[in-house]
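All remarks here apply to the structure that follows.
The values are calculated or read from the model by the stated rules, or taken from the named source; none is laboratory data. Owing to the predicted nature of the structure, the values given are computational and were not obtained by experimental measurement. Positions of Cβ are generated from backbone atoms using ideal geometry, with glycine treated the same way; all protein chains shown enter the neighbour counts.
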Amino acid sequence: MAPVKQPRNIAVQIAENFEDINIRPLRLKKLVKAICNRFKLSNATISIAIVNDWQIRKLNKQFLNKNRPTDCLSFNLSDNDTKSFELVVNGEMAVKKANRKGHSAEAELALYITHGLLHNLGFDDSTKKHAEKMHNTEDEILQRLGYGRVYNAPKNKK
């Protein structure tokens with residue numbers, strides 16, 4: 001008899017606090033759920049806040065004592081009973097980098113979401129070897145979901 005699959009029960013919430021980016025929330029939710037399925041995460045809530053440079057700089061200073069904007073911050077708010085991750089991603093930076101790199105701002109934002117979620121799932125980019133593994137995993141996930149290679153994208157020839 002085949003094992004019974006347990007439902008994943010992944011809740012994804014997206015708050016857009018930066019409106020100068022064109023995203024499709026359902027596509028980003030599909031991305032998050034695909035990552036959770038890949039790593040067999042179930043019964044979890046993932047909250048994503050899309051913010052600007054100023055907002056993420058403030059949080060980066062508060063939590064990491066770094067007074068500069070960053071692409072994403074990830075927080076594991078889980079307890080013994082529930083998995084809960086909060087991601088803060090920089091929509092303003094995504095627009096700027098996407099324009100330089102020649103892909104969509106949504107693809108760049110998807111990279112930030114994937115990166116933050118992988119951190120919450122135990123990935124580490126503190127060494128060159130770990131960072132390479134993490135970035136290759138990001139691109140593999142993003143390619144499978146139609147965003148293409150984003151981190152290791154070919155350089156734009158503008």
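Worth a mention:
- In this structure, Phe75 does not satisfy being surrounded by 17 or more Cβ atoms within 10 Å (Cβ to Cβ) and closer than 20 Å to Leu118 by Cβ.
- Annotation: of all residues in the stretch 41-66 being farther than 23 Å from Val95 by Cβ and polar (S, T, N, Q), the one that is surrounded by the fewest Cβ atoms within 10 Å (Cβ to Cβ) is Asn65.
- Checking each residue in the stretch 107-121 for being closer than 17 Å to Val51 by Cβ and either of a type in the set (S, T, N, Q) or in contact with a Gly (Cβ under 8 Å, 6 or more places away or on another chain) (or both) picks out only Leu109.
- Any hit, the stretch 49-56, residues being within 19 Å of Asp139 (Cα to Cα), modelled with pLDDT of 95 or more and among the hydrophobic types (A, V, I, L, M, F, W, C): no
- Within the stretch 24-40, the set of residues being surrounded by fewer than 19 Cβ atoms within 10 Å (Cβ to Cβ) and among the aliphatic types (A, V, I, L, M) comprises Leu26, Ala34.
- Among (1) in contact with a helix residue (DSSP H, G or I) (Cβ under 7 Å, 6 or more places away or on another chain); (2) buried (at least 16 other Cβ atoms within 10 Å of the Cβ), the one test that Asp124 misses: (2)
A quick yes/no check of all residues on (1) aromatic (Phe, Trp, Tyr); (2) over 24 Å from Ala15 (Cα atoms); (3) at pLDDT 95 or above:
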{"position": "Asn80", "(1), (2), (3)": "no, yes, no"}
{"position": "Leu87", "(1), (2), (3)": "no, no, yes"}
{"position": "Asn90", "(1), (2), (3)": "no, no, yes"}
{"position": "His103", "(1), (2), (3)": "no, no, no"}
{"position": "Leu111", "(1), (2), (3)": "no, no, yes"}
{"position": "His115", "(1), (2), (3)": "no, no, yes"}
{"position": "Ser126", "(1), (2), (3)": "no, yes, no"}
{"position": "Lys133", "(1), (2), (3)": "no, yes, yes"}
{"position": "Arg144", "(1), (2), (3)": "no, yes, yes"}
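- Criterion (among the aliphatic types (A, V, I, L, M) and out of contact with any helix residue (DSSP H, G or I) (no Cβ under 8 Å at 6 or more places or on another chain)) met by exactly one of Leu73, Leu87, Leu145, Leu77: Leu77
- For Asn76: the one exception among (1) at pLDDT below 95; (2) more than 27 Å from Ala98 (Cα to Cα): (1)
Residue-by-condition table, conditions (1) among the polar types (S, T, N, Q); (2) surrounded by fewer than 20 Cβ atoms within 10 Å (Cβ to Cβ); (3) over 20 Å from Arg38 (Cβ atoms):
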{"position": "Asn80", "(1), (2), (3)": "yes, yes, yes"}
{"position": "Val89", "(1), (2), (3)": "no, no, no"}
{"position": "Leu117", "(1), (2), (3)": "no, no, no"}
{"position": "Arg149", "(1), (2), (3)": "no, yes, no"}
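- Taking (1) modelled with pLDDT of 95 or more; (2) farther than 15 Å from Leu117 by Cα in turn, Leu28 satisfies each apart from (2).
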